[in-house]
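Asker: A single structure is presented below for examination.
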Amino acid sequence: MKLDLKAVRRAVVVAPHPDDEIIGAAGLIQALRRQRSMIRVIVVSNAAASHPDSAAWPPARLIDARRRESLLALRRLGVTRDHVTFLGLPDGGLSTRPVLCRQLLSRAICHCRDLDMLVGPAMTDAHPDHRAVAAALWDTRFAGRRMTYQVWPPQRARFARGRTVTLAGGAAAKRSLIRMHRTQLGAITDDPHGFAIACHELAVFAHPVEQFVEDRR
């Protein structure tokens, strides 16, 4: 069943890392911008931990690159720099700073007034940073609709309670957006233990039908 977005005029999408907003919610962002809804994106971590042993890409350079990648991809979806907030919390360590994570997220969300929808990672996500953000959002006061998306593990299975949004342009468009995150797709070559999205993972992430589950409480 499709996710009904007609009544959504103002929404926030929360991403644990730069690229999660594209993998999990590019279609939703696109659909809302096409109906002229206001979208804000909040990226929680600084994304510095994907290549810890790279000499060519020290943390400062990697943080800057990943922010630019996120901004470029979001701009293609109609979200400008002034509607993106980077909280800069330590990548890979969000679960060790639950109070700070909750405080900064709550503050950022409070600055976005008259929101109709809050979108963030699912509690069931396999990545600990994603679960930490989900827990922080759970404790954040918000009276509108709450929707969650799951990134890890990559999967196309449909949940019984899920609602879908399809990215215009299909798999090719989704893949193109994800490929803008070059640092996560093999562009960094001097860290043999660094992270890179595998081909089979990219194939699943590029599926244009995104699924969201309503977080009822």
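The values are calculated or read from the model by the stated rules, or taken from the named source; none is laboratory data. Bear in mind that the values here come from a model prediction, so they are computed numbers and not experimental data. Neighbour counts run over all protein chains shown; Cβ positions are idealised from the backbone, glycine included. Accessible surface areas use protein heavy atoms only, side chains included; no ligands, DNA or RNA. Shrake-Rupley method; radii C 1.70, N 1.55, O 1.52, S 1.80 Å.
Asker: Do the conditions hold for Phe205, that is, is it open to solvent by 50 Å² or more (accessible area, probe 1.4 Å), under 30 Å from Pro52 (Cβ atoms), touching a helix residue (DSSP H, G or I) at 6+ places or on another chain (Cβ under 7 Å) and of a type in the set (Phe, Trp, Tyr)?
Answerer: No; evaluated as a whole, the condition is false for this residue.
Asker: Counting only residues that are of a type in the set (Gly, Ala, Ser) and at pLDDT below 95, which one in segment 123-150 is most open to solvent (accessible area, probe 1.4 Å)?
Answerer: For segment 123-150, the residue satisfying everything is Ala143.
Asker: Taking segment 92-113 as the region of interest, how many residues are touching a helix residue (DSSP H, G or I) at 6+ places or on another chain (Cβ under 7 Å) and either in a helix (DSSP H, G or I) or open to solvent by less than 30 Å² (accessible area, probe 1.4 Å) (or both)?
Answerer: Residues that pass the stated criteria total 6.
Asker: So, one more: Have a look at Ala25, Ala47, Ala31, Ala73 and point out the one that is open to solvent by 20 Å² or more (accessible area, probe 1.4 Å), small (Gly, Ala, Ser), modelled with pLDDT of 95 or more and not in a strand (DSSP E or B).
Answerer: Ala31
Asker: Going through segment 51-92 one residue at a time, which ones are charged (D, E, K, R) and in contact with a Gly (Cβ under 8 Å, 6 or more places away or on another chain)?
Answerer: The answer is Asp53, and nothing else.
Asker: Taking segment 56-70 on its own, how many of its residues are open to solvent by 10 Å² or more (accessible area, probe 1.4 Å) and over 13 Å from the mean Cα position of the chain (by Cα)?
Answerer: Here the count works out to 9.
Asker: Something else: Exactly one of these conditions fails for Cys110: (1) in contact with a Lys or Arg (Cβ under 6 Å, 6 or more places away or on another chain); (2) at pLDDT below 95. Give me its number.
Answerer: That leaves (1) as the condition not met.
Asker: Related question: If Asp53 satisfies every condition in (1) exposed (fewer than 15 other Cβ atoms within 10 Å of the Cβ); (2) over 21 Å from Gln184 (Cβ atoms) but one, which is the exception?
Answerer: With (1) exposed (fewer than 15 other Cβ atoms within 10 Å of the Cβ); (2) over 21 Å from Gln184 (Cβ atoms) applied to Asp53, the lone miss is (2).
Asker: Name, by its number, the condition in (1) out of contact with any Pro (no Cβ under 7 Å at 6 or more places or on another chain); (2) more than 25 Å from Arg145 (Cβ to Cβ) that does not hold for Glu69.
Answerer: (1)
Asker: In segment 76-91, what count of residues is obtained for those that are part of a helix (DSSP H, G or I), touching a Ser or Thr at 6+ places or on another chain (Cβ under 9 Å) and open to solvent by less than 60 Å² (accessible area, probe 1.4 Å)?
Answerer: Total satisfying the criteria: 0.
Asker: Quick one: how many residues across segment 16-36 are closer than 20 Å to Arg156 by Cα and free of Cβ contacts under 8 Å to residues at least 60 places away in the same chain?
Answerer: Of the residues in that region, 2 qualify.
Asker: Quick test of your reading of the structure: Thr124 fulfils all but one of (1) assigned to a helix (DSSP H, G or I); (2) in contact with a strand residue (DSSP E or B) (Cβ under 9 Å, 6 or more places away or on another chain); (3) of a type outside the set (Asp, Glu). Name the failing condition by number.
Answerer: (1)
Asker: Which residue, of Val41, Val12, Val8, is in a strand (DSSP E or B), open to solvent by less than 30 Å² (accessible area, probe 1.4 Å), in contact with an Asp or Glu (Cβ under 9 Å, 6 or more places away or on another chain) and not small (Gly, Ala, Ser)?
Answerer: None of the others qualify; the one that does is Val41.
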